[in-house]
There are 2 protein chains.
Amino acid sequence: MALFLSTYVNKVDKKGRVSVPAKFRAVLASKGFDSVVLLPTINGDAIDACGMDVMERLLEKIGGFDPLSEDRESFADALMSDAVELPIDGDGRIMVPLELLENAGIEGQCAFVGRGDSFQIWQPEAFEIRKKQARARAVQKRASSLGGEGGAND
Amino acid sequence: MALFLSTYVNKVDKKGRVSVPAKFRAVLASKGFDSVVLLPTINGDAIDACGMDVMERLLEKIGGFDPLSEDRESFADALMSDAVELPIDGDGRIMVPLELLENAGIEGQCAFVGRGDSFQIWQPEAFEIRKKQARARAVQKRASSLGGEGGAND
DNA sequence: TTGACTTCCATAAAATCCCATGATATTCCA
DNA sequence: TGGAATATCATGGGATTTTATGGAAGTCAA
């Protein structure tokens, strides 16, 4: 399997550890990674997660080292400074930095949400709300490509 | 590839010593370095930091310019003459020259800010301000330059 | 010898590793 | 097919290691 699919809700323990769903670990491992990269979503609702390959692609897009480019500076600051690479421990867990958890309103439990190339980590109820909105929008737009959407989580 | 990611705030002690974050030391070590190169940022807000490899790439870039042009002169002056190579001691610390610290307004604490290929050292509050600006700019630009790619963002 | 820089050592906090457990899923065979 | 034997997984807790930081002792040059 090569895609992050489905949604899993796991516990955040007292030490701040969370199990990465085994299926997601398998996807990462298939790409040769034993770590995950996390960064806040653009609008701050949740946490984006991906393998280092995605970060490298982003950095390439930003451009090589060009110290005079203001755009490069902005991207570098906004993306790289908030991103963290977390090693996955022997039991399949990571330690999510407190700041990211607080930022996403996560406490006690979190939802791992597959998105294909990447996944996200949400406060479970916030994700449910967000999903309803997304579904409503999809229905409204009669998006034919998402016709059967949602089957993985019910 | 290992990248400098995330932001760490560490103390500058009375002797001027600062711990380089372990994650950053690991990146440097993976490239075979036991030292860091520091130089003032172009606009003087902070300190740029990287491994010797990045300096070599920069020198190549400069070398491509006409040796008589003013550009070459100013690049060489700005980048190479102010740069210092600092050894990382047995406890993972460096001694940042006073001039660089003062120039960046650093005292007591400093923020190590990952930028992928390189990192920067900031006075913590100055960086927070800068980051807000950078993020606003990145959001604004995102649609046109990074539109849709990577799947890492919401 | 004084001052500046390096090793070296001590410590508290934090991160990481290791093992145990219960729950769920999977395999295997009569 | 049923159901026991076996794996896998998420989770808890303790032991061990790493990290950041402070201070003392050793080096070297002016």
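Here are the numbers for the structure shown:
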{"item": "Filter pass, A:Leu38 being at pLDDT 95 or above, touching a Pro at 6+ places or on another chain (Cβ under 9 Å) and more than 12 Å from DNA strand D (Cβ to nearest atom)", "result": "yes"}
{"item": "Breaking point among (1) touching a residue at least 12 places away in the same chain (Cβ under 8 Å); (2) farther than 23 Å from A:Gly108 by Cβ; (3) in a loop (DSSP other than H, G, I, E, B), for A:Asp45", "result": "(2)"}
{"item": "Those residues of region A:108-127 which are open to solvent by 60 Å² or more (accessible area, probe 1.4 Å) and at pLDDT 95 or above, in sequence order", "result": "A:Gln109, A:Arg115, A:Glu125"}
{"item": "Single unsatisfied condition, B:Leu28 versus (1) assigned to a helix (DSSP H, G or I); (2) at pLDDT 95 or above; (3) more than 21 Å from A:Met80 (Cβ to Cβ)", "result": "(3)"}
{"item": "Top-ranked residue in region A:54-72 [being modelled with pLDDT of 70 or more and more than 7 Å from every other protein chain (Cβ to nearest Cβ); ranked as farthest from B:Arg130 (Cα to Cα)]", "result": "A:Glu60"}
{"item": "Total residues in region B:86-102, condition outside any loop (DSSP other than H, G, I, E, B) and exposed (fewer than 13 other Cβ atoms within 10 Å of the Cβ)", "result": "4"}
{"item": "Test: residue in region A:18-29 that is open to solvent by 20 Å² or more (accessible area, probe 1.4 Å), over 17 Å from A:Gly114 (Cα atoms) and within 12 Å of DNA strand D (Cβ to nearest atom)", "result": "no"}
{"item": "Residue list for region B:106-140, restricted to those being at the interface with chain A (Cβ under 9 Å from one of its Cβ atoms) and among the β-branched types (Val, Ile, Thr)", "result": "B:Val113, B:Val139"}
{"item": "Of residues in region B:1-17 being part of a loop (DSSP other than H, G, I, E, B) and open to solvent by 60 Å² or more (accessible area, probe 1.4 Å), the one nearest to DNA strand C (Cβ to nearest atom)", "result": "B:Lys15"}
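The values are calculated or read from the model by the stated rules, or taken from the named source; none is laboratory data. Keep in mind the model is a prediction, meaning the values are calculated, not measured. So basically every Cβ, Gly included, is an ideal-geometry build from the backbone, and we count neighbours across all protein chains shown. These accessible areas exclude ligands, DNA and RNA; they are computed on the full protein's heavy atoms, side chains included. Shrake-Rupley method; radii C 1.70, N 1.55, O 1.52, S 1.80 Å.
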